[in-house]
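To start, the structure under review is shown below, and the notes come after it.
Just so you know, all these numbers are worked out from the coordinates, no wet-lab data involved. The shown structure was predicted, so the numbers you read here are calculated from the model rather than taken from an experiment.
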Amino acid sequence: MKNRSQWFSFAALCTVGACLLGCPHGQPGAQQGAQQSATNDAATEQLYDTNCSVCHGKALEGRPTFAPALTDLKSNWKSSDELAKYLADPQGYAAADPRLKSQHDNYSMRMPTLPFTDEQRKALALWLLKQ
Ligand code: HEC
């Protein structure tokens, strides 16, 4: 009898454990979507680390004489599409934008055009505006 009740508690624990690990409740679709976008964010952050952080800093804090901080892009960029357009041709874009043009005086570097795909630029723009 004792054995049987031990087995029962073990079975109950398993059920709770399985539920904690992967409960079949909730919205699997939404969970998958969140996971997908977390993966994309990680890939985009990697893209930033490799191509941008040398000038803009690991935490987007900017570097004196190198490049401005990118921590408050929301104040100046209305949409990620516009920001993606800038990334496609920063110097061409800045030529028609007095605010960006005036930044030239503060830095010895120039924002380069990097060889990204449209998708990568779009992902970077979305990610930057979330920071
Ligand atoms: C060689 C250094 C350098 C690198 C690498 C670089 N940037 Fe820049 N970035 C600049 C400078 C300098 C500016 C200021 C504008 C100018 O003078 O061209 C700037 C400006 C910007 C701006 C506009 C900031 C504002 O105030 O609106 C954004 C956005 C930006 N960079 C994003 C990026 C991203 C994303 C990457 C990587 C894909 C990157 N930069 C890589 C130097 C750099």
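At 0.36 nm per residue, minus the direct Cα-Cα distance, what do Arg110 and Gln91 gain on full extension? Give it in nm, one decimal, please.
Full extension of this stretch gives 6.0 nm more.
Taking a threshold of 19 Å on the Cα-Cα distance, which of the pairs Lys78/Lys130; Lys85/Lys130; Lys78/Lys122 fall above it?
none
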